[in-house]
1. Checking the conditions here, which among SER197, SER238, SER257, SER245 is under 19 Å from THR307 (Cα atoms), of a type outside the set (D, E, K, R) and modelled with pLDDT under 95?
2. Sort out which residues of segment 203-219 are surrounded by 14 or more Cβ atoms within 10 Å (Cβ to Cβ) and of a type in the set (Val, Ile, Thr), and write them in order of number.
3. Looking for something outside any loop (DSSP other than H, G, I, E, B), within 30 Å of THR320 (Cβ to Cβ) and small (Gly, Ala, Ser) - is there at least one such residue anywhere in segment 239-246?
4. Keeping to segment 15-53, report how many residues are part of a loop (DSSP other than H, G, I, E, B) and free of Cβ contacts under 8 Å to residues at least 40 places away in the same chain.
5. Under 8 Å between Cβ atoms, which residue pairs at least 6 apart in sequence (or on different chains) link something in segment 157-179 that is in the same structural domain as SER245 (by TED's automatic domain parsing) and assigned to a helix (DSSP H, G or I) with a partner that is of a type in the set (Asp, Glu) and surrounded by fewer than 21 Cβ atoms within 10 Å (Cβ to Cβ)?
6. Pick from ALA273, ALA250: which is touching a Leu at 6+ places or on another chain (Cβ under 6 Å), buried (at least 20 other Cβ atoms within 10 Å of the Cβ), assigned by TED's automatic domain parsing to the domain that holds PHE356 and in contact (Cβ under 8 Å) with a residue 24 or more places away in the chain?
7. Scan segment 95-118 for residues that are in a helix (DSSP H, G or I) and modelled with pLDDT under 70 and jot them down.
8. Working carefully through the options TYR258, TYR222, find the one that is surrounded by fewer than 23 Cβ atoms within 10 Å (Cβ to Cβ), assigned by TED's automatic domain parsing to the domain that holds LEU369 and more than 29 Å from ARG368 (Cα to Cα).
Amino acid sequence: MGLKRGHRARPLEWIAERVIFLVSMSAIVTTLLIFVFIARESVPIFLQREDSSHPTTFIPVEEASKHSAEELAKYLDMKADEVKALDADTLKLMLEVKLDQAKEAPVDKDAQINTTLWRYLIKPHQWTGYDKPSYIWQPIGSIHKYNIMPLVVGSLKVTFVGLLFAVPLALLAALYVSQLAAPRTREWLKPTIELLSGIPSVVVGTFALLVLATFLQSIFGYQTRLNAFVAGIALGFSVIPLVFSVAEDALTSVPRSYVQAALALGASKWKAAWQIVLPAALPGVFASVVLGFGRAIGETMIVLMVTSASVMSWSIFDGTRSLTATIAAEMAEAVAGGHHYRMLFMLGAILFVVTFVTNMIGDVVIHRLKGRLEGKA
């Protein structure tokens, strides 16, 4: 009977293994497809194929027949096949609209600049009306300015403020719960902290917008109510549960014999936890910080609700705007296929690459730490 049951169980095990494998592969394939889609839409920006400058030459309606489909497609920001599919009346209408836009085009010299070039994306430029070169993200207006540095700096400020607030609290809480708390205290404290991750981001953002921003401004006295400092503190509330959960698991997995040996030599519980358990669990603790970084830099709703404007400033008390908040706020306003639309996808590609590289570096560091702790390096 036992053999028959074993033979019957093997097909079920085989099916379960294949299902798990397919689910894992589908997750990987889905992630790759998302990246391919984002990369495809942002490639024209990376390869400098977009042009945001206002045209200086225009094609009169009566001269449309003198130009090829490729020339008309480039002029109308379309594909050649799409132009060929247009009837005469539609083509005439589109050329008339283009001429109307020419009458409203700004006469400013900056209108002739292709602001999607890399030197305008990452370097300061002295725009008309400014007394010095400036970093400006201003995609709406007669002259589109796409400098991404204010957004990059804003993301870094919010992320690091959030990590500086969340990581020490989360690690100390994990150390206390795993090593110092009484069993009864541990039973209710650990799930309570982990339940914080179930609070929707919009709720945290609303709390930060209505309560936390005013409270912190009254304490520190800064002028800009919504800034990177408030956004980082609010972001920390969403990072704490993740860092705590991973770090607590790593600390708990350290063999109890380490602690018992330290206590037998006369060390206190706190000294054993700080000098013995924490170093032994360092790879897992570092992994929790890396995951916290990915969670912080990818957060959208909290940062969107608590930040104000894309200002190039390293002060955490000035207004700011992150990459994720910019994508969420402006995607609905961008014309599909336009340079603003592709710029937002480029920001998404940058976020994807940063997260991927961070995880790769974290994985390498974790393996090296494990090797040193196990005496392999």
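1. Criteria check complete, one pass: SER238.
2. VAL204, THR206
3. yes
4. Within segment 15-53, residues that are part of a loop (DSSP other than H, G, I, E, B) and free of Cβ contacts under 8 Å to residues at least 40 places away in the same chain number 2.
5. none
6. ALA273
7. Listed by number, the residues that qualify are GLN101, ALA102, LYS103, GLU104.
8. From the options TYR258, TYR222, the qualifying one is TYR222.
The values are calculated or read from the model by the stated rules, or taken from the named source; none is laboratory data. Every value quoted in this text rests on a predicted model; they were computed, and no experiment measured them. Don't worry about glycine lacking a Cβ; one is built from the backbone with ideal geometry, like all the others, and counts go over all protein chains shown.
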